[in-house]
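*Asks:* Supplied in structure tokens, the structure appears directly below.
The values are calculated or read from the model by the stated rules, or taken from the named source; none is laboratory data. Predicted model only: the values in this text are computed from it and were never measured. All Cβ positions, glycine included, derive from the backbone under ideal geometry; neighbour counts span all protein chains shown. Each accessible area value is taken on the protein alone, full model and side chains, heavy atoms only, with ligands, DNA and RNA left out. Shrake-Rupley method; radii C 1.70, N 1.55, O 1.52, S 1.80 Å.
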Amino acid sequence: MAVKDRNGKTEAEFLRDYDVTKYFRPSVTVDAVLYRVLSADALRVLLIKRGGHPYIGMFAFPGGFVEKDEDCETAVARELMEETGVVGVSLCQLVTASTPDRDPRWRNITVVYCGEVKDDIDFAAGDDAADARWFDIRLVGSTLKFAAIDGTESFDCTLDIARDAFGHVDINNTKIVERGCVAFDHAKIICYLINELTRRTR
């Protein structure tokens with residue numbers, strides 16, 4: 001006998017009548033952080049220059065929206081390939097960033113993946129990425145110092161860093177004081193990654 005809920009509906013009837021518009025539906029994106037460890041407080045990270053709004057001309061991780069029939073792992077591999085040409089890199093989930101105002105377009109929650117690579121991998125900007133470059137990024141106090149390894153770009157991004165009860169960088173409560181040329185909340189995610197790698201090696 002089919003089990004019925006408090007409204008007298010079976011599961012099939014509930015699903016038939018379910019209103020998907022009842023609850024707010026944020027979008028889901030994915031981001032790929034390819035990095036190489038330089039020291040306890042410094043990473044080399046592959047960033048793309050955004051070719052469109054928002055944050056046109058600023059630097060970000062390769063990434064984009066999860067399509068209707070994709071899981072996040074498939075989406076991040078696809079976006080990485082489309083924007084940098086990089087394939088076959090092992091990625092693991094790093095963190096989910098869900099600060100309500102993190103993306104000026106809409107409420108976009110991003111699942112961030114990371115992978116440690118050698119910086120001599122072949123890459124080329126594609127899709128909506130205007131360029132792609134390796135940056136050496138050093139955390140000095142609460143400031144991230146960015147320097148493209150080809151010498152073409154350098155800038156700082158200053159944060160007001162918050163930590164949670166476990167000592168992790170709290171992405172939602174960390175604030176961007178001075179953005180520099182970093183799009184979205186990606187500076188906060190870099191700070192989080194540096195902190196996590198340091199914690200793991202203690």
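*Asks:* Regarding region 59-72, can at least one residue be identified that is in a strand (DSSP E or B) and open to solvent by 80 Å² or more (accessible area, probe 1.4 Å)?
*Replies:* yes
*Asks:* Would you call Val3 more than 30 Å from Cys72 (Cα to Cα), over 19 Å from the mean Cα position of the chain (by Cα) and either loosely packed, with under 11 Cβ neighbours inside 10 Å or modelled with pLDDT under 90 (or both)?
*Replies:* yes
*Asks:* Mind listing whichever residues of region 146-199 are within 21 Å of Val30 (Cβ to Cβ), in contact (Cβ under 8 Å) with a residue 60 or more places away in the chain and open to solvent by 20 Å² or more (accessible area, probe 1.4 Å)?
*Replies:* Answer for region 146-199, where residues must be within 21 Å of Val30 (Cβ to Cβ), in contact (Cβ under 8 Å) with a residue 60 or more places away in the chain and open to solvent by 20 Å² or more (accessible area, probe 1.4 Å): Asn172, Tyr192, Leu197.
*Asks:* Based on this model, can you work out whether Pro62 counts as in contact (Cβ under 8 Å) with a residue 60 or more places away in the chain and in contact with a Pro (Cβ under 7 Å, 6 or more places away or on another chain)?
*Replies:* So Pro62 does not fit the description; no.
*Asks:* Check whether at least one residue in region 127-139 is under 15 Å from Tyr192 (Cα atoms), part of a strand (DSSP E or B) and aromatic (Phe, Trp, Tyr), and report yes or no.
*Replies:* Checked region 127-139: no residue is under 15 Å from Tyr192 (Cα atoms), part of a strand (DSSP E or B) and aromatic (Phe, Trp, Tyr).
*Asks:* Being more than 28 Å from Thr152 (Cα to Cα), open to solvent by 50 Å² or more (accessible area, probe 1.4 Å) and assigned to a helix (DSSP H, G or I) is the filter here; which residues of region 73-109 pass it?
*Replies:* Within region 73-109, Glu73, Thr74 qualify.
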